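To start, the structure under review is shown below, and the notes come after it.
The values are calculated or read from the model by the stated rules, or taken from the named source; none is laboratory data. From a predicted model like this one, the values you see are computed outputs, not experimental measurements. Counting neighbours? That spans all protein chains shown, and the Cβs are built from the backbone with ideal geometry, glycine included.
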Amino acid sequence: MNLSNQDFNYIRDYIKKNCGIALKDDKKYLVHQRLEPILKSYQINSFAELSIQLMKTASTKLREDIILAMTTNETSFFRDRHPFDTFEKFVLERFRKGFQTQKDKKFRIWSAGSSTGQEPYTIAMLIYEFVEKNKHEGFSIDNFVIAASDISTRALNKAKNATYYDAEINRGLSSERKNKYFKQVDKLWQLEKHIRNMVTFYQLNFMDSLARMGSFDMIFCRNVLIYFDQNTKKTVIRQFHRMLADSGLLILGAMENAHNESDMFKPIRYGSTLLYEKKRLSPTFLKT
């Protein structure tokens with residue numbers, strides 16, 4: 001199937017409007033490669049016909065399939081490892097110290113762009129282990145709230161079910177944790193219910209207002225912003241700032257940063273991980 005420049009421009013504008021992904025001129029091949037199977041499955045005869053359908057307001061299912069095809073759901077348990085070491089050794093220890101003066105505090109964490117659930121469940125495992133080690137100090141699972149969101153309802157359905165193939169389990173997960181937190185169901189592995197229950201999943205599009213998610217002490221948003229243009233990144237990061245509690249922490253992917261938002265965040269380096277701590281904004285900045 002031929003993809004004309006005119007249809008490419010219309011389709012990539014549609015993709016940006018609906019999920020924020022900004023495709024450069026050299027990504028025409030990617031649109032062709034990922035959307036051609038969708039055209040065949042819907043019996044759409046050409047990209048020109050697809051453009052016409054999108055102009056007429058596509059069905060929710062077609063829109064979802066296009067977004068799913070264009071978003072990369074590459075993920076694994078303990079992906080890149082060092083951010084989770086930092087969460088365990090630095091972030092949770094910082095919370096532990098603060099807990100001494102505020103025993104009823106809840107530590108709220110958001111995994112933004114959670115895909116099929118590996119990231120928020122990794123966070124849940126680390127919190128469970130932290131509570132196990134520090135029960136004598138009065139900690140409980142109830143001191144923590146983990147929210148997770150993704151644009152894809154299909155990814156979210158898999159995340160909620162928390163059932164994974166061998167290859168998915170063996171990427172990043174130690175045999176000890178595999179045996180501790182998963183049970184085998186036929187040829188699949190399902191996460192134990194007490195860990196599943198620690199995470200609440202939401203369907204969320206970054207092009208919409210994020211405020212309905214509430215406020216957080218920490219936001220994980222890794223390998224999501226790389227797909228957005230600068231204006232969209234800035235808008236999302238400013239929303240993160242508003243949603244974070246005072247001195248709240250933001251962690252981004254290895255290829256992402258908030259250096260351009262130095263008025264909003266103070267960078268903190270811990271080992272190989274760069275975190276961003278929320279700054280209080282001046283009244284003048286808040287008006288801009």
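Exactly one of these conditions fails for GLU192: (1) under 28 Å from ARG154 (Cα atoms); (2) touching a His at 6+ places or on another chain (Cβ under 6 Å). Give me its number.
Answer for GLU192: the failing condition is (2).
Is one or more of the residues making up region 28-42 more than 20 Å from LEU225 (Cβ to Cβ) and polar (S, T, N, Q)?
Scanning region 28-42, I find at least one residue that is more than 20 Å from LEU225 (Cβ to Cβ) and polar (S, T, N, Q), so the answer is yes.
Going by the conditions given, is LYS178 assigned to a strand (DSSP E or B) and either surrounded by 18 or more Cβ atoms within 10 Å (Cβ to Cβ) or modelled with pLDDT of 90 or more (or both)?
no
Would you please list the contacts, defined by Cβ atoms under 7 Å and residues six or more apart or on different chains, that run from a residue in region 132-154 that is without any contact (Cβ under 8 Å) to a residue 40 or more places away in the chain to a residue that is in a helix (DSSP H, G or I)?
Close Cβ pairs satisfying both conditions: ASN134/ARG96; SER140/VAL131.
Quick one: what pairs do we get from region 165-184, first residue on the phi > 0 side of the Ramachandran plot and assigned by TED's automatic domain parsing to the domain that holds LEU126, second of a type outside the set (Gly, Ala, Ser) and not in a helix (DSSP H, G or I), C-beta under 8 Å, 6+ apart or different chains?
Between residues of region 165-184 that are on the phi > 0 side of the Ramachandran plot and assigned by TED's automatic domain parsing to the domain that holds LEU126 and residues that are of a type outside the set (Gly, Ala, Ser) and not in a helix (DSSP H, G or I), the close pairs are GLY172/PHE77; GLY172/PHE78; GLY172/ARG79; GLY172/ARG81.
Would you say LYS158 is among the basic types (Lys, Arg), surrounded by fewer than 19 Cβ atoms within 10 Å (Cβ to Cβ) and within 22 Å of the chain's Cα centre (by Cα)? Steps first, answer last, please.
Values: among the basic types (Lys, Arg): yes; surrounded by fewer than 19 Cβ atoms within 10 Å (Cβ to Cβ): yes; within 22 Å of the chain's Cα centre (by Cα): yes.
Judged against the criteria, LYS158 is a match.
How many residues, within region 103-115, are modelled with pLDDT under 95, surrounded by fewer than 24 Cβ atoms within 10 Å (Cβ to Cβ) and either among the polar types (S, T, N, Q) or within 13 Å of GLY214 (Cβ to Cβ) (or both)?
Selection size over region 103-115: 1.
Conditions first: (1) closer than 30 Å to LYS27 by Cα; (2) surrounded by 15 or more Cβ atoms within 10 Å (Cβ to Cβ). ALA167 passes all but one, so which condition is the exception?
ALA167 satisfies every listed condition except (2).
If you go through region 221-251 one residue at a time, how many are under 24 Å from ILE15 (Cβ atoms) and either in a strand (DSSP E or B) or among the small types (Gly, Ala, Ser) (or both)? Lay out the reasoning, then the answer.
Our first condition is that a residue be under 24 Å from ILE15 (Cβ atoms); within region 221-251, this holds for 221-240.
Filter again for either in a strand (DSSP E or B) or among the small types (Gly, Ala, Ser) (or both), leaving 221.
Within region 221-251, residues that are under 24 Å from ILE15 (Cβ atoms) and either in a strand (DSSP E or B) or among the small types (Gly, Ala, Ser) (or both) number 1.
Out of curiosity, is LYS16 in the same structural domain as GLY172 (by TED's automatic domain parsing) and either within 29 Å of ARG177 (Cβ to Cβ) or buried (at least 16 other Cβ atoms within 10 Å of the Cβ) (or both)? Walk me through it before giving the result.
On the way: in the same structural domain as GLY172 (by TED's automatic domain parsing): no; either within 29 Å of ARG177 (Cβ to Cβ) or buried (at least 16 other Cβ atoms within 10 Å of the Cβ) (or both): yes.
No: the conditions fail for LYS16.
Determine whether VAL91 is crowded, with 16+ Cβ neighbours inside 10 Å, under 26 Å from the mean Cα position of the chain (by Cα) and not assigned by TED's automatic domain parsing to the domain that holds SER140. Step through it out loud before you land on a result.
Numbers: crowded, with 16+ Cβ neighbours inside 10 Å: yes; under 26 Å from the mean Cα position of the chain (by Cα): yes; not assigned by TED's automatic domain parsing to the domain that holds SER140: no.
For VAL91, the condition - crowded, with 16+ Cβ neighbours inside 10 Å, under 26 Å from the mean Cα position of the chain (by Cα) and not assigned by TED's automatic domain parsing to the domain that holds SER140 - is not met.
Scan region 215-237 and report the pairs whose first residue is touching a residue at least 60 places away in the same chain (Cβ under 8 Å) and among the acidic types (Asp, Glu) and whose second residue is surrounded by 15 or more Cβ atoms within 10 Å (Cβ to Cβ) and assigned to a loop (DSSP other than H, G, I, E, B), with Cβ atoms within less than 8 Å and a gap of 6+ or a chain change.
As it stands, the answer is ASP229/ALA22, since those pairs meet every condition given.
Does VAL199 fit the bill of being aliphatic (A, V, I, L, M) and farther than 30 Å from LYS61 by Cβ? Before you say what the answer is, go through the steps one by one.
On the way: aliphatic (A, V, I, L, M): yes; farther than 30 Å from LYS61 by Cβ: no.
Criteria not met by VAL199.
Within region 95-106, is even one residue aromatic (Phe, Trp, Tyr) and under 12 Å from PHE201 (Cβ atoms)? I'd like the intermediate steps shown before the answer.
We begin by selecting, within region 95-106, every residue aromatic (Phe, Trp, Tyr); these are 95, 99.
Filter once more, keeping what is under 12 Å from PHE201 (Cβ atoms): none.
Scanning region 95-106 turns up no residue that is aromatic (Phe, Trp, Tyr) and under 12 Å from PHE201 (Cβ atoms).
Do any helices (runs of 4 or more DSSP H) entirely within region 25-91 hold 2 or more residues that are under 23 Å from MET1 (Cβ atoms), and if so, which?
Result: 28-41, 47-55, 60-70.
Inside region 144-168, can you point out the residues that are farther than 16 Å from PHE77 by Cα and among the polar types (S, T, N, Q)?
SER149, SER152, THR153, ASN157
Is there a residue being in a strand (DSSP E or B) and of a type in the set (Gly, Ala, Ser) anywhere in region 191-213? Don't jump to the end; show me each part of the working.
Step one: of region 191-213, the residues in a strand (DSSP E or B) are 191, 199-203.
Retained after the next criterion (residues that are of a type in the set (Gly, Ala, Ser)): none.
Scanning region 191-213, I find no residue that is in a strand (DSSP E or B) and of a type in the set (Gly, Ala, Ser), so the answer is no.
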